[in-house]
Amino acid sequence: MWLKLGRRLGSLIIVMFLVATMVFFLTRLAPGDPAALMLGDQATAEDIARLRQVYGLDKPILVQFLLWLKEIATGNLGQSIFLQRPVIQAIAERAEPTFFLALFSVSVAALVGIPAGIASAVWRGRLVDQIVSGLAMLAANIPSFWLGLIFIQLFAVRLGWFPVAGYGEPGAPFMERILHLALPATVLGIVNSALIVRFTRASMLDVLSDDYIRTARSKGLSEARVVLRHAFGNALVPIITVVGLTAALLVGGAIVTETVFGLPGIGNLVVSAVLRRDYPVIQGALIVVAGIYVLINLLIDIIYTFVDPRVRY
Amino acid sequence: MEQSPLLLFFRRMFRRKLVLIAFLVLCVIMLMALLAPWVAPYEPTAIKVIRRLKPPGELNWLGTDEFGRDILSRIIYGARASLGIGFAVVLVSMTFGTLFGLLAGYFRSLDGLVMRVVDALMALPDILLAIFLVAVLGASAFNVVLALSIVYTPRVIRVVRASTLVIRELPFVEAARALGVSTRRILSVHILLNVASPVLVQATFIFAYAVLAEAGLSFLGAGVPPELPTWGTMIASGQQYADQAFWVVLFPGLAIVLAALSLQVVGDGLRDMLDPKLRKAL
């Protein structure tokens, strides 16, 4: 078990190293001198030269890269050009809305997607299956920002049930936060439920044709018990994977939805950093998001061993 | 009765009515995009301030936007950019994805490196990677194509590599090798032709993803310049008028949904038909 876990950790570190390499060198493709960019239009040539020295920009690019890697490995993601604070702090300040948005969205997606997927597998080929599959296909092809705008028009502007945008005043009670998150989480939940429906359906269909299901039925167990306990229990591994991956991708992938709903999350931070060319923030956010993604992947693998005793490390 | 393979292909493919409908919808959208100057009722950039934000009616079937421009005409012209970018992304990511997928699947020594890079690229959410690349490269239609191609190439690599791994072990490849066929020819003829169908299916899905992603990027202001009407830029510039004129946002979005959905359904139909396991059942 430890050997296999060690190997997984090894490949995780390699992937993170490649992400960091990519992020570093691709950023250098950007036109313009980062130091000149930081100082703005009024900077003199001496100012720029001094800042280049401070940030080590005068050193050969490989040396810069190694220094940067060393900083990242110790958790230092650099300094934001515009926000006047460390990147890691800027990200931490924005983490809360993103975390809860991802959590609620994946909950909505799972609560909608799993039962729908089970129903469509159990009644395969019937009307239920056709309706569920059709809706899932539709949901997967709706741009989330557009659905967000429509929902804002309907439920916030016309009906006034939810706030139009934002995350409430600083220090607002949690209930108010939930009210702010309800619409964006529903939008993301709907859009992301499609994949969960597909995986649940496929996995259940796979299991339902197994021998032990026939045995369970012939023992006289109720159909509900056969489906929910015997079949669903054994169909869980792919379902956990897709729910976990959805959550992982939502951490950095809710950019557009965060922007539409004016949620001050990590996605919003990235968009403003992109528009202001604040490269340290973009780089830092990419590394944090990729890190969370690979960690959740590892976590999914570990959960397997508990859910399915056949999978042993 | 003698049947041409092409006829058989279409007959199998359109066994499900929905696939046929989706295919026809796609044809109509693409024809409108190609024939935009003849089909569109107005110039997409013709400004008529007196008729700004007019609801759908006889003069403007889908209403007008904040400058009095005809929304239907803009959607028709917008299809050119939106679908054009999507199609270019498909071409580029298929080419490079197939190339690297074949190499990674056939030469074991390349596999580790290529797949780790694929893992690294796929550790970032599509839209985040795309917005980063556009930010670095600069916002233009060409760079949007480049960025989205980098985002979707890894998917193609995975599919092609997986198929290649299976096919390279099959007897006919071994036979070709034994007959002294060059590695290059084995890869470019024997294996390539056999991975063509999963690649074709992926192509339609990536087309749909690319149309959605391009709209997202344009909406965030990190896509094509706002002067160029695409479905995404129409929604982006219209959103602040959505309170008074919902049609400004509604119709371009419906165009995106319709195009992406049709592509997805056609892709599903293709997969059902080309998958040898399912083919018997049909």
Worksheet entry | Among the candidates A:Ala216, A:Ala224, A:Ala202, residue that is within 14 Å of chain B (Cβ to nearest Cβ) and either surrounded by fewer than 16 Cβ atoms within 10 Å (Cβ to Cβ) or part of a helix (DSSP H, G or I) (or both) | A:Ala202
Practice prompt. For the stretch B:126-167, name all the residues that are more than 14 Å from every other protein chain (Cβ to nearest Cβ), open to solvent by 10 Å² or more (accessible area, probe 1.4 Å) and within 17 Å of B:Val224 (Cα to Cα).
Written response: B:Ala141, B:Phe142, B:Val145
Worksheet item: Are there any pairs with C-beta distances below 7 angstrom linking a residue in the stretch A:297-309 that is of a type in the set (S, T, N, Q) to a residue that is not in a helix (DSSP H, G or I), with the two at least 6 apart or on different chains, and if so which?
Response: A:Thr305/A:Val311; A:Thr305/A:Arg312; A:Thr305/A:Tyr313
Fill in: A:Ser80 closer than 30 Å to A:Asp278 by Cα and crowded, with 20+ Cβ neighbours inside 10 Å
yes
Fill in: Filtered residues of the stretch B:201-212 (kept if of a type outside the set (Val, Ile, Thr), more than 9 Å from chain A (Cβ to nearest Cβ) and in contact with a Leu (Cβ under 8 Å, 6 or more places away or on another chain))
B:Phe205, B:Phe207, B:Ala210
Worksheet entry | Enumeration of residues in the stretch B:232-278 that are outside any helix (DSSP H, G or I) and closer than 21 Å to B:Leu72 by Cα | B:Ala242, B:Asp243, B:Gln244, B:Ala245, B:Phe246
Worksheet entry | Condition met for A:Gly189 (crowded, with 17+ Cβ neighbours inside 10 Å and within 14 Å of chain B (Cβ to nearest Cβ)) | no
Item to complete: Go through the stretch B:219-255 and give me each residue that's open to solvent by less than 10 Å² (accessible area, probe 1.4 Å) and small (Gly, Ala, Ser).
Response: B:Ala222, B:Gly223, B:Gly232, B:Gly238, B:Ala242, B:Ala245, B:Gly253
Worksheet item: Taking B:Ala176, is it within 10 Å of another protein chain (Cβ to nearest Cβ), out of contact with any Phe, Trp or Tyr (no Cβ under 7 Å at 6 or more places or on another chain) and in contact (Cβ under 8 Å) with a residue 12 or more places away in the chain?
Response: no
Worksheet item: So, in the stretch B:36-60, of the ones that are surrounded by 15 or more Cβ atoms within 10 Å (Cβ to Cβ) and small (Gly, Ala, Ser), which residue ends up nearest to B:Asp243 (Cα to Cα)?
Response: B:Ala40
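Yes or no, residue by residue, for (1) under 30 Å from A:Ala273 (Cβ atoms); (2) assigned to a loop (DSSP other than H, G, I, E, B):
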{"residue": "B:Val173", "(1), (2)": "no, no"}
{"residue": "B:Arg184", "(1), (2)": "no, no"}
{"residue": "B:Ser188", "(1), (2)": "no, no"}
{"residue": "B:Ile191", "(1), (2)": "no, no"}
{"residue": "B:Ser197", "(1), (2)": "no, no"}
{"residue": "B:Ala215", "(1), (2)": "yes, no"}
{"residue": "B:Ala222", "(1), (2)": "yes, yes"}
Worksheet, complete the sentence: Note on the stretch A:254-313: residues more than 10 Å from every other protein chain (Cβ to nearest Cβ) and not in a helix (DSSP H, G or I) are A:Phe261, A:Gly262, A:Leu263, A:Pro264, A:Gly265, A:Asp308, A:Pro309, A:Arg310, A:Val311, A:Arg312, A:Tyr313
Worksheet entry | Candidate set: the stretch B:104-125, residues that are facing another protein chain (nearest Cβ under 9 Å) and assigned to a helix (DSSP H, G or I); chosen: the one most open to solvent (accessible area, probe 1.4 Å) | B:Arg116
Worksheet, complete the sentence: When the stretch A:108-145 is checked residue by residue, the ones that are in a loop (DSSP other than H, G, I, E, B), at pLDDT 90 or above and away from chain B (no Cβ under 11 Å) are A:Trp123
Item to complete: Please verify whether the stretch B:51-68 includes one or more residues that are in a helix (DSSP H, G or I), β-branched (Val, Ile, Thr) and touching a helix residue (DSSP H, G or I) at 6+ places or on another chain (Cβ under 9 Å).
Response: no
Worksheet item: List the pairs whose first member sits in the stretch A:263-280 and is under 24 Å from A:Ile178 (Cα atoms), whose second member is hydroxyl-bearing (Ser, Thr, Tyr) and open to solvent by less than 10 Å² (accessible area, probe 1.4 Å), and whose Cβ atoms are under 8 Å apart, counting only residues at least 6 apart or on separate chains?
Response: A:Leu263/A:Thr98; A:Leu263/A:Thr257; A:Gly265/A:Thr98; A:Ile266/A:Thr98; A:Gly267/A:Thr98; A:Gly267/A:Thr257
Worksheet entry | Residue that is farthest from the chain's Cα centre (by Cα), among those in the stretch A:144-167 that are surrounded by 15 or more Cβ atoms within 10 Å (Cβ to Cβ) and free of Cβ contacts under 8 Å to residues at least 12 places away in the same chain | A:Gln153
Worksheet item: Mind checking which residues of the stretch B:155-171 are out of contact with any helix residue (DSSP H, G or I) (no Cβ under 8 Å at 6 or more places or on another chain) and part of a helix (DSSP H, G or I)?
Response: B:Val166, B:Pro171
Worksheet item: For A:Gly160, all conditions in the list (1) out of contact with any helix residue (DSSP H, G or I) (no Cβ under 8 Å at 6 or more places or on another chain); (2) within 14 Å of another protein chain (Cβ to nearest Cβ); (3) in a helix (DSSP H, G or I) hold save one; what is the number of the exception?
Response: (3)
Discussion item. One residue is enough: does the stretch A:173-182 have a residue meeting the conditions closer than 28 Å to B:Ser237 by Cα, at pLDDT below 85 and in a loop (DSSP other than H, G, I, E, B)?
Written reply: no
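The values are calculated or read from the model by the stated rules, or taken from the named source; none is laboratory data. Keep in mind that this is a model prediction, so the values were computed, not measured. Methodologically, a virtual Cβ is constructed for each residue, glycine included, from the backbone with ideal geometry; neighbour enumeration extends over all protein chains shown. To get the accessible areas, we keep the full protein, side chains included, count just its heavy atoms, and leave off ligands, DNA and RNA. Shrake-Rupley method; radii C 1.70, N 1.55, O 1.52, S 1.80 Å.
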